[in-house]
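The values are calculated or read from the model by the stated rules, or taken from the named source; none is laboratory data. Here the structure is a predicted model, which means the values were calculated and not measured. Neighbour counts run over all protein chains shown; Cβ positions are idealised from the backbone, glycine included. In case anyone asks, the SASA skips ligands and DNA or RNA and just uses the protein heavy atoms, side chains included. Shrake-Rupley method; radii C 1.70, N 1.55, O 1.52, S 1.80 Å.
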Amino acid sequence: MGTMLQAQDPTLEDFENLEGCNEILNVTRPDIVRSVHEAYFAADVDCVETNTFGANHTAMVEYDIADRVFELSEAGARIAREVADEYAARDGRTRWVLGSVGPGTKLPTLGHIAYGTIRDGYQTNAEGLLAGGADALIVETTQDLLQTKASVLGARRAMEATGVEVPLLVSMAFETTGTMLLGSEIGAALTALEPLGIDMIGLNCSTGPAEMSEHLRYLTRHSRIPLLCMPNAGLPILTKDGAHFPLGPEGLADAQETFVGEYGLSLVGGCCGTTPEHLRQVVERV
């Protein structure tokens, strides 16, 4: 999402002088955000995620716009909803909008932020996504189990407050070390999160599919809820032009075909470095 938005060279004015705050584009340049959703639906995917990865309290505080979390979340969901409905109207096949709830920039386990503050911020984020028409909420790229719990409970509170009940998905980020950033193992994560009543659990970001295989194997054996997986296009290689992701579309399709066959995944996609062409090949394969 971020790479494709930046590729269209939004101006500093588009960002309202908050350079790098991609969520602002939901309000100032909905046409750019819409074009990203269109590119993925054109690749025949069933779901897109909203441009709201940073529309949470901790990320917005850094831009001094924490009071705009609801506005930017709702706008992001509404853009995706409109595009999804347009594609569904063309062929009668339902398209879904996953409301993206990102991790933010503070780790409550390390005392960066109070638990109640981060939870309430996630609730506002989720309320905006529900108001904009998200079909489900995906708490993603989580690195701290306390932060993950805060976002899950914030999302639950949002559903209670709005009276809108949708599926709640959780996707964790595991490092090449085999644990989450703060050292939690896959068994600990499943034990902590499954009792919260989530509807799906899995992995995204941090690594390519190869490094996710053993974690998915564990989840297949022990999880009582469906699984999801959205890998990066391999481990990034740092070059003079920035990060390069080495795994091509065919490689991602190979991996997801294997994961679906061996681990019975219910939802597959791509994270950093993956493009509409990556997803087009995944769709064809699975």
Please tell me if ARG68 is farther than 20 Å from VAL170 by Cβ and either open to solvent by less than 10 Å² (accessible area, probe 1.4 Å) or in a helix (DSSP H, G or I) (or both). yes
Going by the conditions given, is ASP31 open to solvent by 10 Å² or more (accessible area, probe 1.4 Å) and either in a loop (DSSP other than H, G, I, E, B) or in contact with a His (Cβ under 8 Å, 6 or more places away or on another chain) (or both)? no
For residues that are surrounded by fewer than 18 Cβ atoms within 10 Å (Cβ to Cβ) and at pLDDT 95 or above, scanning just the stretch 19-28, find the one that is farthest from the chain's Cα centre (by Cα). THR28
From THR141, THR124, THR117, residue being touching a Phe, Trp or Tyr at 6+ places or on another chain (Cβ under 8 Å), modelled with pLDDT of 95 or more and farther than 26 Å from ASP46 by Cβ: THR124
Which listed residue is in contact (Cβ under 8 Å) with a residue 24 or more places away in the chain and assigned to a strand (DSSP E or B), from LEU219, LEU193, LEU228: LEU228
Identify all residues within the stretch 133-143 that are over 12 Å from LEU98 (Cβ atoms) and either touching a Gly at 6+ places or on another chain (Cβ under 8 Å) or crowded, with 24+ Cβ neighbours inside 10 Å (or both); write none if there are none. THR141, THR142
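Rundown of residues vs (1) out of contact with any strand residue (DSSP E or B) (no Cβ under 8 Å at 6 or more places or on another chain); (2) of a type in the set (S, T, N, Q), yes/no style:
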residue: THR58; (1), (2): yes, yes
residue: VAL61; (1), (2): yes, no
residue: ILE65; (1), (2): yes, no
residue: ARG68; (1), (2): yes, no
residue: ALA77; (1), (2): no, no
residue: GLU82; (1), (2): yes, no
residue: ASP85; (1), (2): yes, no
residue: ARG95; (1), (2): no, no
Per the filter on the stretch 229-249, residues farther than 25 Å from GLY261 by Cα and among the small types (Gly, Ala, Ser) are GLY242, ALA243
Filter the stretch 199-223 down to the residues that are of a type outside the set (Lys, Arg), open to solvent by 10 Å² or more (accessible area, probe 1.4 Å) and over 17 Å from ALA233 (Cβ atoms) and list them by number. ASP199, MET200, GLU214, HIS215, TYR218, THR220, HIS222, SER223
Taking the stretch 3-18 and the residues there that are under 20 Å from SER73 (Cβ atoms) and in contact (Cβ under 8 Å) with a residue 24 or more places away in the chain, the one that is farthest from the chain's Cα centre (by Cα) would be LEU18
Restricting attention to the stretch 71-104, and to residues there that are among the β-branched types (Val, Ile, Thr) and not in a helix (DSSP H, G or I), which single residue is surrounded by the fewest Cβ atoms within 10 Å (Cβ to Cβ)? THR94
Tally up the residues in the stretch 1-28 that are hydroxyl-bearing (Ser, Thr, Tyr) and either assigned to a helix (DSSP H, G or I) or touching a Ser or Thr at 6+ places or on another chain (Cβ under 6 Å) (or both), please. 2
Hits in the stretch 273-286 - residues which are open to solvent by 50 Å² or more (accessible area, probe 1.4 Å) and either in a loop (DSSP other than H, G, I, E, B) or under 13 Å from CYS229 (Cα atoms) (or both): THR275, VAL286
